[in-house]
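Notes follow the structure.
The values are calculated or read from the model by the stated rules, or taken from the named source; none is laboratory data. These numbers were taken from a predicted model, which means no experiment stands behind them. Cβ: placed from backbone, ideal geometry, glycine included. Neighbour counts: every protein chain shown. For the accessible areas, the whole protein counts, side chains as well, though only heavy atoms, and no ligand, DNA or RNA atoms are used. Shrake-Rupley method; radii C 1.70, N 1.55, O 1.52, S 1.80 Å.
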Amino acid sequence: MHYVGYSQHENNCSPSILEQKIVEVNTAIDALHFDIAISKSEELIHMADVCNCNKYLFYGYNLLGENHIRLGDTLKAIQYAEKAVEVAKKIKNDTLLAIGYTSMATALPDNRSSKREALKLYKKTLDIYQKNNTGKFLKPALKMASIYKDLGLYAKMKSYIDLAQKSLENDPSTASEYRITLEILQGEYYDAVGNQGKAAEYYNMAYRHTENQDMPHFILSFYESYANFLNKNDNAEKAYEVQRKYDDNFKQIEQIAQKESVQLAIAKSDAEEFKRQRNAANIKANVASANLQQKKTEEILLWILIGLSAIFLIYFYISTRTRIKYMRDLKKKNKELTCAKAKLEETALTKSRFFSTLSHEMRTPLYSVTGIAGLLEKDNDFTMKYAEEINSLKFSSNHLLDIISDLLDVSKLDDENFKLINRPFNLKILMSEILSSFDKYAYRGKTKLHLDIHNELPNYILGDSRRLSQIIINIVGNALKFTNDGDIWVHLDGEVIKPKQYRITFAIQDTGIGIPPEAQKRIFEEFSQVEEGKPKSTKGTGLGLAIVKKLLEKMDSAIQVESVVGEGSTFSFSIDFNEATLQDVINHEDPKQVAKSLASEKSIRNASILIVDDNKINRLVTKKILTGLEVIVTEAANGEDAIIKAHNESYDLILMDINMPGLNGFETTKIIRKSNPIVPIIALTATSLGEITETIEESGMNGFVIKPYSMKEFVQTIVSHLDKTNTTLSI
Ligand code: ADP
């Protein structure tokens, strides 16, 4: 036996082929070939399904149910019959529904409760037939009457018997099998209700009709009950005849039954084998479909993975592009910033170069002017004749120098590289020096300067004495300018904020013209001056207080002003200083202080000094000053000349210009130092100190004098270096 596939029928939906299939199934059932019948029923179901033809789907299930009824598989039979009913309901086909109900009822087992169930189903069938008015009630009516008989409910039999009778009369072609069944039922009914005559009539009728029929199954039980009935009703002779017929039929039936049971057994086993093979095929198909499903799942997962990877790649691509774009933008911005910075630096450098050049180019000739004016002043004859002109020359050139120095200071203070130095200095000496440096005869009137330093303040502190002097000089200078015939006090007071740390308050008070309240803030701005009440004689750049303010900011301090017009002004500020230790003072020996305390102009007498300068006028001025102090002077016009002279002669000191054509001052010093490490070499330069301090030390120079210099400062520097070995310090 082989499982038959469906593919060959798949596209064949013609009703004749489907009808043919039904015929094949019925033929197989009749031949007890249930395996073939099941297989063909399933083919029919599949074909109907493919063709979407529910009518044949119904027949397929119904036939399958019938097959299982024959195989005695009640459960399966009911299941398929139910499926058939479902299909019929779905397509709302009453005729099919009636067939389905009948099949369901037939499939039910032979017990009382199932019989009641069967009654309901037959009733439904009957209702459908009645509703459709077909007039064909025979089968369900017979079934119901028979069930009521089995249940002993004889009264209920009657109406169904009548119904069957009516249906039979409507259709004379009804098979004799049904006619006989009805007659037997009628006989049984009348027997049960005690109408023996009628019962005998119907039984006899049935008996006659069975004689020529080949229906052993059907009539056996009838012969048995008819024989009993005849015997009961004193018709022994006939009863005997019927009993003999029963015996004959019984033997015949037994043989047939035996044969049929063998056939049925074979058919059943074939059907079982068929089912087994079909199940195996199904399982195989299921496994295959499971594999397919798994493959499909794997495929889906693979696609998901590919999808995710693609999304990731796209995201990665976009983010990389965005990042690259950001990087590019950033680089561009960076480049722009670098360019802007470079431009700024270049501008700053240009500015600083400009001021440096300005410093050198303007200060050098001015140095000559002020120097020569000083020399002319010393010449008595000349002074007698041109006193006024010389005075005017000195005044103008000094003023010009002030302006240049102020401008340079402002520019330097704006430079972020500006740094304060931290060296020990004697505060009291510094203050008295500053005050004594003011030549009161340069101002009209008889203003008196007073210095008031609190006793508790230390002598030596650490700080930038040069910048502190600049602040004091500016404020005191202003006080002198704007005070006519009055008093100026410089008060220094302080408090200890930590051990060895002082907050020193400087207050410069004058009795001058005062400053109007609205101008008090403005005066600290660059180039700002108050015109009201300003004496005509005063000169100024309007930069002094701006410089003071900036310097104090660098020292973490701030300037305050209190002023009343006509009464005077007080400028004050506080700075924190550390007290200098003895070690600090020794480590940072202050040449000016040393020179001041230990030297006199006399120590310079007869010293032999070499002046190295390419500028003839500068050499002349320096030479005049030195020869006036009885110094033996030798001149060198360039670095090469200086090297030869320093090699051939022994000098007590060399004054070296820095900016010279050929070898400059630093280079010349380095060469001299190779053969003479001792001789003090002092730089004479118009260049700002901050720019050259390091180079001065590096080249082997011992000190410097910034041009233009005061004679006193110049001499003190020379003296301090001439006599250095004998220098000691006392605090
Ligand atoms: P200047 O070079 O003009 O003195 P400053 O910045 O030092 O520049 O001062 C700015 C202005 O402040 C001065 O021009 C003056 O009008 C006013 N001033 C400064 N100090 C005093 C003072 N002690 N008494 C009166 N006015 C003063």
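Taking a threshold of 19 Å on the Cα-Cα distance, which of the pairs K419/K481; K40/K83; K419/K550; K521/K549 fall above it?
Details: K419/K481 30 Å; K40/K83 17 Å; K419/K550 12 Å; K521/K549 11 Å.
From the list (K419/K481; K40/K83; K419/K550; K521/K549), the Cα-Cα distance tops 19 Å for K419/K481.
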Between D414 and A310, take the C-beta separation as r, use R0 = 56 Å, and let me know the FRET efficiency to the nearest 0.05. 0.40
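When a/c reaches 1.5 or more, the comparison of a/b and b/c decides; with that in mind, is region 97-138 rounded, prolate or oblate per its Cα gyration tensor? Let's see the in-between values first.
Numbers: a/c = 2.94, a/b = 2.28, b/c = 1.29.
Verdict is prolate for region 97-138.
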Residue (of L168, Q186, L153) at the positive-pole extreme of region 120-190, dipole from beta-carbon charges: L153
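Mind checking the full-extension length gain between S432 and K198? Use 0.36 nm per residue of separation minus the Cα-Cα distance, one decimal, nm. Don't skip to the answer; put the middle values down first.
Working: separation 234, 0.36 × 234 = 84.24 nm, distance 16.86 nm.
Using 0.36 nm per residue and subtracting the Cα-Cα distance, I get 67.4 nm.
Could the peptides 123-130, 329-336 be put in order, highest first, of the mean number of other beta-carbon atoms found within 10 Å of their residues?
Values: 123-130: 18.5, 329-336: 10.2.
In descending order of packing, they fall as 123-130, 329-336.
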How are the C-alpha pair distances of region 4-159 spread across 10 Å bins, as whole percents from the shortest bin up? 12, 36, 34, 15, 4, 0
Binned at 10 Å from 0, what are the whole-percent values of the Cα-Cα distance distribution for the chain, short to long? 2, 9, 13, 12, 8, 4, 2, 2, 2, 2, 2, 4, 7, 8, 8, 6, 5, 2, 1, 0, 0
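Students sometimes get this wrong: rank F577, F316 by accessible area, probe 1.4 Å, all chains present, largest first. Walk me through the intermediate numbers first.
Details: F577 10, F316 110 Å².
These residues rank, largest area first, as F316, F577.
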Where S437, S469, S176 fall by accessible area, highest first, once all protein chains stay in place (1.4 Å): S437, S176, S469
Label point distance in nm, E667-S289, each placed 7 Å from Cα along Cα→Cβ: 10.4 nm
Leading residue at positive end of dipole, the chain (Cβ point charges), from I547, Y502, I300: I300
Find the cysteines in the chain that fail to meet the 4.7 Å Cβ criterion with every other cysteine, and list them. C339
Note the direction-averaged projected area, equal to a quarter of the hull surface, for the Cα convex hull of region 127-197, in nm². 4.7 nm²
Which angle between 0 and 90 degrees, to the nearest 10, do you get for helix 216-232 versus the longest principal axis of the chain when only C-alpha atoms count? 50 degrees
So what does R423 come to for accessible area, using a 1.4 Å probe and Å² rounded to 10? 120 Å²
Between the helical axis of 616-628 and the dominant principal axis of the chain, each derived from Cα atoms, what acute angle in degrees is found, rounded to the nearest 10? 50 degrees
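Can you give the FRET efficiency for E567 and F354, using 1/(1 + (r/R0)^6), R0 = 60 Å, r = Cβ-Cβ distance, to the nearest 0.05?
According to the calculation, E is roughly 0.90.
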Approximate spin-label separation D487-T134, in nm, with each point projected 7 Å along Cα-to-Cβ: 14.7 nm
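With +1 assigned to the C-beta of every Lys and Arg and -1 to the C-beta of every Asp and Glu, and no other charges, what is the dipole magnitude of the chain about the Cα centre in debye, to the nearest 20?
1420 debye
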List T370, T668, ordered by accessible area with a 1.4 Å probe, largest first: T370, T668
From the cross-link list K124/K238; K158/K238; K90/K296; K120/K166; K90/K136; K89/K259, the entries with a Cα-Cα span beyond 31 Å are K124/K238; K90/K296; K89/K259
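Which value, in debye to the nearest 20, gives the size of the charge dipole of region 67-111 about its Cα centre, when Lys and Arg are +1 and Asp and Glu are -1 at the Cβ? Don't skip to the end; give the middle numbers.
Working: 6 positive and 5 negative charges, 38 e Å.
For this selection, approximately 180 debye.
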